[in-house]
Ligand code: URA
């Protein structure tokens, strides 16, 4: 993907974006052997050979991680109050990866992180929203009629929800709780919790088990793994399919 040269240089750790602009203007930067002095020129950090003072820069390679977020962790890079954030679990990762969308503090499960801004945008853009499946453990056992409402679309403060897929996953008469599998294609704030509140079955526990066809499998809580090329491609395909309304 093409980006402005100063951004590529700054991302590669050459200097601040401001300083990189100065380096470009001073004629110290070449793209494929040609000096580029104009600001605003774009290049592709993967395909183009970019050098500063004759030394080739190392552009950050793209990294895609699937993380099993524990509950009680903030989907953020830093927290001013010092609470645990997702990046606390990625100590061995040198690349600056960012969460793709977010999970609530109390929600656990599958969270993707990447430094590929293009794919992250594709996956979270309202037009492309891919399927996400959650297991929601709720108070009492919802009636089929109540679940039908969720399936068809229910009115929330911010409008009707799109149709969802719902299934009973587990019913526990002893604790009077049910675990429901719900697949949605939107990403509104606290959407699943609000959907179950709307049918008067508050969520006790929420776990995301699938995102764009990828699943947690046996990944332990608090652990992450790298996605394979095939998995990254399947995410791109899922985003394109979602755009077409599939
Ligand atoms: N819906 C919610 O209510 N919370 C999440 O974290 C994700 C989806």
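Couple of notes before you dig in:
- Residue check: residue 146 meets all listed conditions (1) surrounded by 15 or more Cβ atoms within 10 Å (Cβ to Cβ); (2) away from the ligand (no atom under 13 Å from the Cβ); (3) under 28 Å from the mean Cα position of the chain (by Cα) but one, namely (3).
- Among the candidates 60, 21, the residue that is surrounded by 15 or more Cβ atoms within 10 Å (Cβ to Cβ) and not in a loop (DSSP other than H, G, I, E, B) is uniquely 21.
- From 24, 50, residue being in contact (Cβ under 8 Å) with a residue 40 or more places away in the chain and not assigned by TED's automatic domain parsing to the domain that holds residue 110: 50
- Out of 141, 130, 93, sole residue that is more than 16 Å from the ligand (Cβ to nearest atom) and modelled with pLDDT under 95: 93
- Wholly enclosed strands (runs of 3 or more DSSP E) of region 172-242 bearing at least 2 residues within 11 Å of the ligand (Cβ to nearest atom) and either loosely packed, with under 15 Cβ neighbours inside 10 Å or outside the structural domain of residue 89 (by TED's automatic domain parsing) (or both): 177-184, 203-211
The values are calculated or read from the model by the stated rules, or taken from the named source; none is laboratory data. This structure is a prediction, so every number in the text was calculated from the model and none was measured. No Cβ is skipped: glycine too gets one built from the backbone with ideal geometry, and neighbour counts run over all protein chains shown.
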